[in-house]
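First comes the structure, then the notes that go with it.
The values are calculated or read from the model by the stated rules, or taken from the named source; none is laboratory data. A quick note: this is a predicted structure, and the numbers were derived from the prediction, not measured. Don't worry about glycine lacking a Cβ; one is built from the backbone with ideal geometry, like all the others, and counts go over all protein chains shown.
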Amino acid sequence: MVSVYIHIPFCKSICSYCDFCKVLYNKEWVVNYLKCLKEEMMERYMGEDIKTIYIGGGTPSALSLKEIEYLLNLTNLLKKEHLEEFTFECNIEDINEELLLLLKKYNVTRLSIGIESFDEENLLLMKRYTTYNDASKKINLVRSLGFNNINLDLIYALPKEKFAVLKKDLKLLLKLNPEHISTYSLIIEDNTYLSYKKCENINDVEDSKMYEYICKTLEKKGYLHYEVSNFAKMGFESKHNLVYWHNEEYYGFGCGASGYIAGVRYDNTRSLSKYLKGEYKSSDILLSNDDIRDYEIILGLRLLKGINTKEFMRKYNVGIESVYPIKPLLKSRELILKDDYLFINPKYIYVMNEILLKLV
């Protein structure tokens, strides 16, 4: 079984921090894009059973209802008899009864909703438009129509953000009682509005304090911290994202999407004009066994549970300690080996990249 990610690059407005593949909504482009998306899927999909589907962006909910139905109907090109999870990303302001009923019709099981913040200054800086009252009403509507698997995104550590703002954002987010929460420390990327405005990242000390507060608060409220940036109520971990972190295979369809199929990691073009000409792929790399094992380490150690050493042996016919210099890191307690799982010591999660560099 493999998974499928479908990228929709259209947005009604462009967030100031976003460096994803995106453009402002244009009806003519959308119509042509969806036709090219269908052609790409028909050309590249090899008929495997599909485990999970994730439609992200951009903003998939920026499309009209007719366009969204066309998009959802494209998933019928896939074998979905054993589908375990179907996620659709949307902005809170796009949610209405018609959209939700349409998603129900096509058996979407999970909504991922970009909240980011409720603070006026943060929202202004990010060019977002969410209020708690609006979010609460929309989440109530979502619940009333039978959706019981909701992820909410939170962005923190904005330039000059005060700790009190984070505490209030987190408190309000928890009042919405989502099954899953994704938290992201803001990184000012090149070629974004924030970079052009010469904004600077918050200092590492303050960032780490905020991260620690989020982890402790969500764990106290019953959320399992299962991946560096992700928290879930028991049984509501993102099955689709676990495919990435377990180094399993998935298709990436659409402009700017990435995939991993048959030992090849590939990236699609980020150029909408090229994509609309049918020039889908920009690069692909056939991985060696060493490359695949490295990805297993880099991705698997993002999970708080870590990597199952017996499963590693089964997949690669070699012990993890024979390939990677884990002994010094076990001695320094940066890594822990317990019950056949190798994982990063939770107190070093914030600096996990430094540990990965020592391994790979």
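Being touching a Ser or Thr at 6+ places or on another chain (Cβ under 8 Å) and assigned to a strand (DSSP E or B) is the filter here; which residues of the range 266-299 pass it?
Answer for the range 266-299, where residues must be touching a Ser or Thr at 6+ places or on another chain (Cβ under 8 Å) and assigned to a strand (DSSP E or B): Y266, D267, N268, K281, S282.
Do any helices (runs of 4 or more DSSP H) lying entirely in the range 61-128 carry at least 1 residues that are of a type outside the set (S, T, Y), on the phi > 0 side of the Ramachandran plot and exposed (fewer than 15 other Cβ atoms within 10 Å of the Cβ), and which ones are they?
none
In the range 130-149, how many residues are outside any loop (DSSP other than H, G, I, E, B), touching a residue at least 12 places away in the same chain (Cβ under 8 Å) and under 21 Å from V108 (Cβ atoms)? Don't jump to the end; show me each part of the working.
Here is the first cut: in the range 130-149, the ones outside any loop (DSSP other than H, G, I, E, B) are 132-144.
Going one step further and asking which of them are touching a residue at least 12 places away in the same chain (Cβ under 8 Å), we end up with 132, 134-136, 138-139, 141-142.
Next, only the ones that are under 21 Å from V108 (Cβ atoms) stay: 135, 138-139, 141-142.
Selection size over the range 130-149: 5.
Yes or no: the range 223-238 includes at least one residue that is within 22 Å of L357 (Cβ to Cβ), of a type in the set (A, V, I, L, M) and either touching a helix residue (DSSP H, G or I) at 6+ places or on another chain (Cβ under 8 Å) or part of a helix (DSSP H, G or I) (or both). If you could, list the steps in order and put the result at the bottom.
The first filter runs over the range 223-238 and keeps only residues within 22 Å of L357 (Cβ to Cβ), leaving 227-229.
Pick out the ones that are also of a type in the set (A, V, I, L, M) and you get 228.
Now restrict to residues that are either touching a helix residue (DSSP H, G or I) at 6+ places or on another chain (Cβ under 8 Å) or part of a helix (DSSP H, G or I) (or both): 228.
Yes, some residue in the range 223-238 is within 22 Å of L357 (Cβ to Cβ), of a type in the set (A, V, I, L, M) and either touching a helix residue (DSSP H, G or I) at 6+ places or on another chain (Cβ under 8 Å) or part of a helix (DSSP H, G or I) (or both).
Going by what's in this entry, would I344 be described as of a type in the set (V, I, T), free of Cβ contacts under 8 Å to residues at least 24 places away in the same chain and in contact with a helix residue (DSSP H, G or I) (Cβ under 7 Å, 6 or more places away or on another chain)? Before the answer, list the steps.
On the way: of a type in the set (V, I, T): yes; free of Cβ contacts under 8 Å to residues at least 24 places away in the same chain: no; in contact with a helix residue (DSSP H, G or I) (Cβ under 7 Å, 6 or more places away or on another chain): yes.
When the stated conditions are applied, I344 does not pass them.
Does any residue in the range 258-275 that is modelled with pLDDT under 95 come within less than 6 Å, Cβ to Cβ, of a residue that is of a type in the set (G, A, S) six or more places away or on a different chain, and which pairs are these?
Here the result reads R270/G256, each pair linking the range 258-275 to a residue that is of a type in the set (G, A, S).
Kindly indicate whether any position in the range 335-347 is β-branched (V, I, T) and in a helix (DSSP H, G or I).
no
Consider the range 176-232. How many of its residues are of a type in the set (D, E, K, R), surrounded by fewer than 17 Cβ atoms within 10 Å (Cβ to Cβ) and under 21 Å from the mean Cα position of the chain (by Cα)? Before the answer, list the steps.
At the first step, the residues of the range 176-232 found to be of a type in the set (D, E, K, R) are 179, 189-190, 197-198, 200, 204, 206-207, 209, 212, 216, 219-221, 227.
If we keep only those that are surrounded by fewer than 17 Cβ atoms within 10 Å (Cβ to Cβ) as well, we get 189-190, 197-198, 200, 204, 206, 209, 212, 216, 219-221.
Now restrict to residues that are under 21 Å from the mean Cα position of the chain (by Cα): 189-190, 212, 219.
Total satisfying the criteria: 4.
Given the residues D267, D294, which is the only one that is surrounded by fewer than 17 Cβ atoms within 10 Å (Cβ to Cβ) and of a type outside the set (G, A, S)? If you could, list the steps in order and put the result at the bottom.
Details: D294 fails: surrounded by fewer than 17 Cβ atoms within 10 Å (Cβ to Cβ).
Selected residue: D267, the only one of D267, D294 that is surrounded by fewer than 17 Cβ atoms within 10 Å (Cβ to Cβ) and of a type outside the set (G, A, S).
Inside the range 41-93, can you point out the residues that are under 15 Å from H240 (Cα atoms) and of a type in the set (A, V, I, L, M, F, W, C)?
Of everything in the range 41-93, those that are under 15 Å from H240 (Cα atoms) and of a type in the set (A, V, I, L, M, F, W, C) turn out to be I50, I53, I55, L83, F86, F88.
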